[in-house]
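*Asks:* First the structure, then my questions, so here it is.
The values are calculated or read from the model by the stated rules, or taken from the named source; none is laboratory data. Because the structure is a prediction, the values reported are computed rather than measured. Reconstructed Cβ throughout: ideal geometry from the backbone, glycine too, with neighbour counts over all protein chains shown. Just the protein is used for accessible areas: all its heavy atoms, side chains included, with ligands, DNA and RNA removed. Shrake-Rupley method; radii C 1.70, N 1.55, O 1.52, S 1.80 Å.
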Amino acid sequence: MSDCIFCKIANKEMGKLIYEDDQVVAFEDLSPQAPVHVLVIPKKHIARISDVTDGEDACLMGHIMVIANKIAAERGIAEEGYRIVTNCNEGAGQSVWHVHFHLLGGRKLGWPPG
Ligand code: AMP
């Protein structure tokens, strides 16, 4: 989608990727909320997690979890613990309309979230 900032990052028109495969990219969050704060996104433009249906897109979301786990291990936070979270719609804090998963760790994470 031409006016989507995360599509631009996935297409390497801006930003810097820390991971890429045929389906997924990952990059550092612009405004990190923890020592590790990476965003993992599908290359395919899907506006929000509630738009994901069973089938191909569901597999893609599973693949994103695998990649997030891999990055967590590479960053050395797998043992201590980390969080993978996606915000769906404005009430939950979504501000970019291309589905993305926050990988957060490297500090104690509070629960429940704010
Ligand atoms: P959310 O509020 O859950 O939609 O998360 C959007 C996230 O994208 C926020 O944590 C922002 O800091 C981050 N963000 C916005 N623009 C960029 C960008 N150009 N590069 C990296 N992260 C970004």
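*Asks:* Using a Gaussian network for the chain with springs between C-alpha atoms less than 10 Å apart, which of these wobbles most: A47, A58, A68?
*Replies:* Judging by the Gaussian network model, the answer is A58.
*Asks:* If you don't mind, another one. Taking Cβ-Cβ under 4.7 Å as the only way to count a partner, pick out the unpartnered cysteines of the chain.
*Replies:* Those would be C59, C88, since no other cysteine Cβ in the chain comes under 4.7 Å of theirs.
*Asks:* Which percent of the accessible heavy-atom area of region 5-105 goes to carbon and sulfur, probe 1.4 angstrom?
*Replies:* 52
*Asks:* Express in whole angstrom the spacing between the alpha-carbon centres of region 1-78 and region 83-114.
*Replies:* 13
*Asks:* In a Debye calculation with equal point scatterers on the alpha-carbon sites of region 5-105 and no solvent, what is log10 I(q)/I(0) at q = 0.13, 0.14 Å⁻¹?
*Replies:* Debye output, listed in q order: -0.42, -0.49.
*Asks:* Please work out the average accessible area per residue across region 5-105, using the 1.4 Å probe convention, and give it in Å².
*Replies:* Per residue, region 5-105 has 53 Å² of solvent-accessible surface.
*Asks:* Follow-up. Grab the DSSP H runs of the chain that are 4 residues or longer, score each as -39,500 (n - 2.57), total them, divide by all residues and round the 222 nm result to the nearest 500 deg cm²/dmol.
*Replies:* So the helix-based figure for the chain works out to -7000 deg cm²/dmol.
*Asks:* So how strong a dipole does region 5-105 carry about its Cα centre when Lys and Arg Cβ are +1 and Asp and Glu Cβ are -1, to the nearest 20 debye?
*Replies:* Once rounded to the nearest 20, the dipole reads 220 debye.
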